[in-house]
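Q: Handing you a structure now.
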Amino acid sequence: MAETYDFNAVERKWQAYWDAHHCFTAEAAHDKPKFYALVEFPYPSGAGMHVGHIKAYTSLEILSRKRRMQGYNVLFPMGFDSFGLPAENYAIKTNTHPHDITTANIEHFKDQMKRVGYSFDWTREIATSVPEYYKWTQWIFRKLYDHGLVFRAKTLVNYCPNCKVVLSNEDSQGGKCDVCHSDVIQLPKDVWYLKITAYADKLLEGLNDVDYPDAIKQQEVDWIGKSVGAFVNFKVKDIPEALEIYTTRCDTLYGVTFMVIAPEHPMLDKYRERIGNWDEVEAYRAACAKKTEFERTQLSKEKTGVRLQGFTTINPVSGKEIPVFIADYVMMGYGTGAIMAVPAHDQRDWEFAHKFGVDIIPVIEGGDIEKEAYTGDGRMINSDFLNAYDNKKDSIAAMLEYLGEHDLGRKGIQYKMKDWAFNRQRYWGEPIPLIHCPKCGTVGVPYEELPLRLPDVENFAPGTDGQSPLARIESFVNCTCPQCGGPAKRETDTMPQWAGSSWYYLRFIDPHNDKVFCDPEEMKYWMPVDWYNGGMEHVTRHLLYSRFWHHFLYDIGEVNTPEPYAKRTYQGLILGPDGDKMSKSKGNVVDPISVIDRLGADALRLYVMFMGDYMAATPWSEDSANGCKRFLDRVWRLQDMVKGEGYTDDEMRTKVNACIKKVSEDYERMKFNTAIAAMMSLVNDCYAKGSLTKDEFHTLLLLLYPVAPHISEELNERIGFAPLHHTAWPEYDPDALALNTVEYGVQVNGKIRARLKLPVGMEQKDIVDAALALGDVKPFIEGKTIRKTIVVKNIINLVVG
RNA sequence: GCGAUUGUGGUGGAACUGGCAUACACAACAGACUUAAAAUCUGUCGGGGAAACCUUGCGGGUUCGAAUCCCGCCAAUCGCACCA
């Protein structure tokens with residue numbers, strides 16, 4: 001009898017073995033087929049690993065171990081996204097240095113990952129906050145700058161009053177700060193932008209060439225939000241400048257009864273002396289400015305606005321005079337910040353028109369505009385030359401042509417996605433390599449001076465003046481202009497959290513190179529990433545950002561593929577035992593390391609993969625986790641049941657081969673739960689027989705190894721085989737799966753009534769006769785005529801009446 | 001409001017292209033072993049029962065046959081949200 005399973009000893013033993021034999025180091029040679037598996041490197045928070053990390057990493061861990069056995073050269077790297085606000089906030093609170101905290105956290109994370117037994121190639125470990133790494137982040141930024149994709153603009157920006165930083169649109173989704181969840185406010189500020197909108201179309205088109213789930217593609221498409229429409233110029237009465245609007249329905253131009261411009265629209269200030277009710281306008285603008293983004297959406301039902309006195313426009317096609325309002329349902333950040341309102345066919349305009357008593361003129365037939373706006377298709381009416389067009393495609397085309405001929409407007413494209421606000425007024429990030437020279441303007445830090453190192457600072461607190469702590473370091477700020485040699489000042493903002501992760505997959509390929517960010521020959525072999533797994537929450541942040549950088553690097557000839565990731569998958573959340581999202585405040589967080597302490601790393605890995613559909617959210621269950629440990633104990637005890645070699649009998653031969661097929665295929669489809677269920681069934685079969693052969697056991701351990709590598713290696717060694725890591729993945733024998741009998745389900749009128757075992761290859765007529773003769777079938781067909789018989793796969797259906 | 005995803009036993013979930021619904025686990029119950037408990041092993045386990053029958057959120061439909069396809073509801077989760 002074997003002793004009870006001591007998972008601590010076994011796991012330590014095999015982790016030491018893998019370490020000593022460098023089992024997971026990607027090979028330098030390029031002669032084998034490659035497999036680049038990537039999981040999102042973590043931000044090294046003080047809390048350590050979360051069970052979510054376990055779920056995110058174990059899937060590709062399984063695939064990586066399997067691929068190595070299948071003869072691939074596998075790159076499965078890990079590193080740390082180590083710049084970021086939490087470390088800085090913690091440093092301010094505890095009066096320590098973010099660098100020290102980050103270093104300690106990285107060590108902690110690494111220890112934890114090693115305890116889980118992950119097969120990461122630690123020789124390629126990177127951290128985004130070390131100068132050898134961020135040198136190249138700055139280098140890419142400089143390239144973006146050289147190619148005109150970095151610009152500075154004073155606009156309304158998202159600002160977190162708690163973190164005291166400007167946020168990108170992606171970082172303030174839902175009107176909340178990504179870091180601290182405070183309400184984000186809109187402030188006019190001078191900030192650096194990356195021109196991601198210039199890549200909107202490439203980011204859209206690129207989705208056609210990659211293997212991403214539809215849910216991910218759809219979210220990116222929606223976020224980019226491409227819309228095709230028209231810009232139309234409306235003459236303003238007694239003013240030489242026209243008011244330009246954007247619309248997707250230029251064919252409804254004859255139905256325009258008023259215009260709306262955003263409260264922040266620049267024409268207001270420009271022509272303020274023309275506006276009779278300026279006091280009223282200013283009061284309204286002040287009220288809008290006070291609202292947070294959150295309030296603006298909460299109040300979305302009730303339309304507000306002010307009609308401008310002495311500022312009216314002329315409808316370019318009908319020549320009618322049209323009143324102009326300001327209202328906050330029109331946003332300055334989309335289109336031109338001004339719209340033509342067609343209340344008959346737009347619900348928002350309809351509501352506004354009702355409240356302010358403006359005319360409603362239908363120009364499309366259909367619906368009941370007394371009740372609500374009609375947004376469907378139909379025949380054009382009240383529209384002069386457009387009358388009688390009966391679908392919007394044709395009427396839009398006709399109007400566009402007319403607008404073009406008369407120089408009144410043009411076709412235009414708009415995106416919901418905005419340019420990427422790229423600076424943070426904080427310390428713990430990559431310094432932006434730009435210099436402000438009073439003579440030359442903005443000048444890039446020369447490439448040979450990179451990395452531009454983050455200087456040491458005593459006080460990390462952000463300035464009350466909205467400036468980065470770096471602004472207080474005179475030795476950093478004051479410099480000479482690389483162009484004219486005169487005195488100049490450095491940019492003191494740093495890059496946002498997402499900068500370093502936008503290209504990290506390239507650095508993993510060649511992490512120690514100090515000449516280039518990645519050797520082109522290495523890149524040619526390893527790129528693209530074959531399989532990238534990560535969280536759904538990164539789809540409109542990191543995933544989009546890194547695709548943007550990669551497309552840019554491709555355009556300037558620095559990388560060899562347009563898209564970085566050939567295939568992307570995501571994991572579903574692990575919910576707390578109560579079915580709610582895990583959170584500290586709810587106290588339902590499960591610590592993976594405490595699970596390892598109790599049940600072992602193999603049991604943790606097994607349970608997380610067994611708990612349900614990989615992409616679905618599933619609650620944690622302590623009982624089920626115990627059950628997985630129990631399964632491993634059952635496998636452990638199989639060592640006392642080993643008898644003989646080869647196959648126990650034909651039945652086991654079939655079962656073992658079916659299991660090889662099922663597990664091999666299910667791992668590839670990320671159906672880890674059913675793969676594990678198949679292995680559990682096989683173990684149950686062995687218990688039912690009371691024995692299994694050495695070879696059967698070996699095969700089972702090969703299949704189990706990617707999920708539970710420690711126990712598998714140990715048992716495999718005990719029955720006398722060479723380490724599984726160096727063994728080829730098993731192939732199933734198709735002959736063993738070819739059955740000589742089929743078990744049919746016999747239906748009468750579609751309802752199952754009996755089961756029938758028959759030899760393979762019988763004539764359909766004989767099969768039906770056998771089914772008709774069954775005692776269980778007789779009562780249902782007696783006295784009735786057989787109208788039709790169907791034999792498909794393993795179903796016999798007798799249709800009677 | 002728009003978009004995506006999902007709805008199956010007491011629980012987590014299986015069911016690949018329409019073909020034997022509830023695999024595999026958890027929990028529960030019973031038996032064996034034990035002085036006893038735990039552990040382990042072996043059974044039972046959707047409802048109803050003599051059988052028929054009913055059962056994949058609800059109501060229709062297509063089909064020899066529907067958890068799966070179509071139409072109409074309802075509910076939940078996530079994402080976007082006055083995008084002109």
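Q: What length, rounded to one decimal in nm, is gained on full extension from A:A47 through to A:D111, with 0.36 nm per residue of separation minus their alpha-carbon distance?
A: Difference between extended and current length: 21.7 nm.
Q: If r is the Cβ-Cβ distance from A:N391 to A:N95 and R0 is 51 Å, what FRET efficiency results, to the nearest 0.05? Intermediate results must be reported in sequence, preceding the final value.
A: Numbers: r = 68 Å, r/R0 = 1.34.
Computed FRET efficiency for A:N391 and A:N95: 0.15.
Q: Right, next: Mind pulling the angle between the C-alpha long axis of helix A:622-637 and the longest principal axis of chain A? Nearest 10 degrees, somewhere in 0 to 90.
A: 30 degrees
Q: Sticking with this structure for a sec: If I take R0 = 51 Å and measure r between the Cβ atoms of A:E449 and A:N684 in this structure, what FRET efficiency does the formula 1/(1 + (r/R0)^6) give, to the nearest 0.05?
A: 0.15
Q: Separate question: Based solely on its DSSP helices, what 222 nm [θ] is calculated for chain A when runs of n ≥ 4 H residues each add -39,500 (n - 2.57) and the sum is averaged over all residues, nearest 500 deg cm²/dmol?
A: -10500 deg cm²/dmol
Q: Equivalent ellipsoid semi-axes for segment A:403-521, as square roots of 5 times the alpha carbon gyration tensor eigenvalues: give them largest first, rounded to whole Å.
A: On the way: eigenvalues 206, 114, 67 Å².
They are 32, 24, 18 Å, listed largest first.
Q: Could you give the radius of gyration (one decimal) and Dmax (whole number) of the Cα atoms in chain A, in Å?
A: Rg and Dmax of chain A, Cα atoms, are 33.5, 108 Å.
Q: Continuing with the same structure: So, with +1 on the Cβ of K and R and -1 on the Cβ of D and E, and no other charges, what is the size of the charge dipole of chain A about its Cα centre, to the nearest 20 debye?
A: Working: 93 positive and 111 negative charges, 171 e Å.
Dipole size: approximately 820 debye.
Q: Still on this structure: Given the Cα atoms of segment A:695-801, and with Rh set as the inverse mean 1/r over their pairs in the Kirkwood sense, what is Rg to Rh to two decimals? It would help to have the intermediate numbers written out before the result.
A: Values: Rg = 22.9 Å, Rh = 17.3 Å.
That ratio is 1.32, to two decimals.
Q: Farthest toward the dipole's positive end in chain A, which of A:I92, A:V179, A:I660, given Cβ charges of +1 (Lys, Arg) and -1 (Asp, Glu) about the Cα centre?
A: Checked the options; the winner is A:I660.
Q: While we're on this one: Hey, rough spin-label estimate for A:N382 and A:C180, points 7 angstrom out along Cα→Cβ, what's it come to in nanometres?
A: 5.2 nm
Q: With a ≥ b ≥ c the root eigenvalues of the C-alpha gyration tensor of segment A:1-152, is it rounded (a/c under 1.5), prolate (a/b larger than b/c) or oblate?
A: Judged from the Cα gyration tensor, segment A:1-152 comes out oblate (a/c at least 1.5, b/c at or above a/b).
Q: Let me ask you something else. Can you compute the modelled spin-label distance between A:H512 and A:S691, with each label point 7 Å from Cα toward Cβ, in nm?
A: Between A:H512 and A:S691, the simple spin-label model gives 5.4 nm.
Q: Binning every alpha carbon pair distance of segment A:34-83 at 10 Å from zero, what are the percents per bin?
A: 24, 47, 23, 6
Q: Stick to the Cα atoms of segment A:479-546, pair each with every other, and give me the Kirkwood hydrodynamic radius in Å at one decimal.
A: 15.1 Å
Q: Quick check: the angle from helix A:672-689's long axis to the longest principal axis of chain A, C-alpha only, nearest 10 degrees?
A: That helix lies at roughly 10 degrees to the long axis.
Q: Here's a follow-up. As a test, work out the antiparallel percent of DSSP beta bridges whose residues both lie in chain A, rounded to the nearest 5. Spell out each step's value before the answer.
A: Numbers: 65 of 87 bridges.
Rounded to the nearest five, the antiparallel share is 75 percent.
Q: Taking the Cα centre of chain A as the origin and placing charges on Cβ (Lys, Arg +1; Asp, Glu -1), which of A:A625, A:Y284, A:N391 is farthest toward the positive end of the dipole?
A: Working it through, the farthest residue towards the positive pole turns out to be A:A625.
Q: Using a/c under 1.5 as the rounded threshold, could you call segment A:586-745 rounded, prolate or oblate? The axes a ≥ b ≥ c are square roots of the C-alpha gyration tensor eigenvalues, and prolate needs a/b larger than b/c, oblate otherwise.
A: Taking the square roots of the gyration eigenvalues as a ≥ b ≥ c, segment A:586-745 is prolate.
Q: Still on this model: Could you tell me how many degrees, from 0 to 90 and to the nearest 10, lie between the Cα long axis of helix A:542-555 and the main elongation axis, the longest principal axis, of the Cα atoms of chain A?
A: With both axes taken from Cα atoms, the answer is about 80 degrees.
Q: Obtain the nm distance between the two label points defined at A:D633 and A:A28 by a simple spin-label model: each point lies 7 Å from its Cα along the Cα-to-C-beta direction.
A: Reported label-point gap for A:D633 and A:A28 is 4.8 nm.
Q: Ordered by residue, what ³J(HN,Hα) values in Hz, to whole numbers, does segment A:413-430 give under the Karplus form 6.51 cos²θ - 1.76 cosθ + 1.60, where θ = phi - 60° and Gly and Pro are x?
A: Values, residue by residue: 10, 10, 10, 6, 4, 10, 5, 8, 5, 10, 10, 10, 8, 9, 8, 7, x, 6 Hz.
Q: Give me the net charge of A:G587's neighbourhood, meaning all other residues with Cβ under 13 Å from the Cβ of A:G587; Lys, Arg count +1, Asp, Glu -1. The partial results should precede the final answer.
A: Working: positive: A:K581, A:K584, A:K586; negative: A:D578, A:D580, A:D591.
Spelling it out: positives minus negatives among the neighbours equals 0.
Q: Then there's this: Putting +1 on Lys and Arg Cβ atoms and -1 on Asp and Glu Cβ atoms, find which of A:C481, A:H542, A:G441 reaches farthest to the positive end of the dipole of segment A:418-551.
A: A:G441
Q: Expressed in whole Å with the largest first, what are the equivalent ellipsoid semi-axes of segment A:229-380 derived from the C-alpha gyration tensor as the square root of 5 times each eigenvalue?
A: 24, 19, 13
Q: Now a separate question. Taking 0.36 nm per residue of separation and subtracting the Cα-Cα distance, what length does fully extending A:L758 through A:D555 add?
A: 66.7 nm
Q: Taking a ≥ b ≥ c as the square roots of the eigenvalues of the Cα gyration tensor of segment A:1-57, is the shape rounded (a/c under 1.5), prolate (a/b larger than b/c) or oblate?
A: oblate
Q: What does the convex hull of the Cα atoms of segment A:510-616 come to per residue, in Å³, rounded to a whole number?
A: 169 Å³
Q: Net charge around A:K392, counting only other residues with Cβ within less than 14 Å of its Cβ (Lys, Arg = +1; Asp, Glu = -1)?
A: Residues near A:K392 contribute -3 overall.
Q: Label point 7 Å out from A:T741 along Cα-to-Cβ: which residues of segment A:757-801 have amide N under 13 Å?
A: Taking a point 7 Å out along Cα→Cβ of A:T741, the residues of segment A:757-801 whose backbone N falls under 13 Å are A:757-760.
Taken together, the values in this text are just the output of simple stated rules run on the coordinates, not laboratory data. Everything numeric here is computed off the predicted structure, so don't read it as measured data. Using ideal geometry, Cβ is built from the backbone for each residue, glycine included, and neighbour counts are taken over all protein chains shown.
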